[in-house]
Amino acid sequence: MKKLFMVILFLTVVMLFAACGSRVENSNASDRKAAISTQGSSTGSAQAAVPEKVQGKKILVAYFSRIGENYAVGNISKGNTHIVADMIAEATGADMFEIKTVKPYPESYKECTEVAKKELADNARPDLAAKVENMKDYDVIFLGYPIWWSDMPMAIYSFMESYDFNGKSIVPFCTSAGDVLTGKESSIPNYAKGAKVLQGLGIEGKRAQENPDSVSPQVKQWLEKLGFVQ
Ligand SMILES: Cc1cc2nc3c(=O)[nH]c(=O)nc-3n(C[C@H](O)[C@H](O)[C@H](O)COP(=O)(O)O)c2cc1C
């Protein structure tokens, strides 16, 4: 009888342990499952936070912009296009590069228009002061300029002809007397060989200079539409 009692007691203890063990194992499994699904969803949302266009891509904002006396804004210490370039770089986390000519343009607005008019007539390619040494690393180049004589400044042509743009996208943006592009942007791949051109943005320079808060939502909306920010 005592033996039978001992056997029943032993079996009860074994069953109890087995039941506890399986509960522990189950809870671990469900914890793991929960952990995996949490991890999955957080990874998912982290990926969703980075727009597809930007994932793993290196972006450069290259811009040409002039200080001094300018149209409708008086004497400025930061160019209108530069202001828009900063907004783009800040929103996208891009690197920045200023396109500068070896020979500076006159500070006087009128004199500058004359020099620019002649350069356009001559189809000039002014020498640039610096090169983007690691251009091969960039996938997307936001290219900014003021409208000069209904065209891009000739320095922009010098810039476009200085690199191989195969596999790269150019996103043009400009400032001028109105919220317009030059209308020449579709010809960019003729000079920036291999480039794919994305939808550009034209901003009134005076507004960028004097009321930048009215410009930044417009820039953000454009970048959202292109998929560069969310
Ligand atoms: C040489 C020159 C030519 C210009 N030609 C035009 C033009 O054809 N159309 C226009 O709307 N604005 C024209 N502008 C005005 C500039 O496009 C405008 O002021 C621009 O915002 C200047 O940008 P920045 O400060 O970045 O240089 C011209 C300005 C200069 C200096």
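Any read-out appearing in this document is the output of simple, stated calculations on the displayed coordinates, not a laboratory observation. Keep in mind the model is a prediction, meaning the values are calculated, not measured. For neighbour counting, all protein chains shown are included, and Cβ atoms are generated from backbone atoms with ideal geometry for every residue, glycine included.
Quick notes on this structure:
- Across all Cα atoms of the range 108-230, the radius of gyration (one decimal) and Dmax (whole number) stand at 15.1, 43 Å.
- Entries in LYS136/LYS196; LYS78/LYS103; LYS103/LYS168; LYS110/LYS136; LYS58/LYS118 that, when Cα-Cα distance is taken, lie over 27 Å: LYS103/LYS168; LYS110/LYS136; LYS58/LYS118
- Extension gain, GLU224 to GLU114: 0.36 nm times the residue separation minus the Cα-Cα distance gives 35.8 nm.
- Stokes-Einstein D in µm²/s, Kirkwood radius over Cα pairs - the range 69-164 at 10 °C with 1.306 mPa s viscosity: 108 µm²/s
- Between TRP149 and ALA129, the FRET efficiency from the beta-carbon distance, with R0 = 35 Å, is close to 0.95.
- Among 208-214, 92-98, 170-176, 62-68, the order from most to least packed when residues are scored by Cβ within 10 Å on average: 170-176, 62-68, 92-98, 208-214
- Scoring 177-185, 128-136 by mean Cβ neighbours within 10 Å over their residues and listing the highest first yields 177-185, 128-136.
- Residue order, fewest to most beta carbons within 10 Å, for PHE228, PHE165: PHE165, PHE228
- Summing charges over all other residues whose Cβ lies under 12 Å from the Cβ of ALA195, with Lys and Arg as +1 and Asp and Glu as -1, gives -1.
- As a proxy for reagent exposure, GLU161, GLU69 were ordered by neighbouring Cβ count within 10 angstrom, fewest first; the result is GLU161, GLU69.
- Taken one residue at a time, the phi angles of the range 201-213 give Karplus couplings (6.51, -1.76, 1.60, θ = phi - 60°) of 9, x, 10, 5, x, 4, 5, 4, 6, 9, 9, x, 5 Hz. Gly and Pro are set to x.
- Calculated P(r) of the range 93-133 - Cα pairs past 14 Å, %: 59 percent
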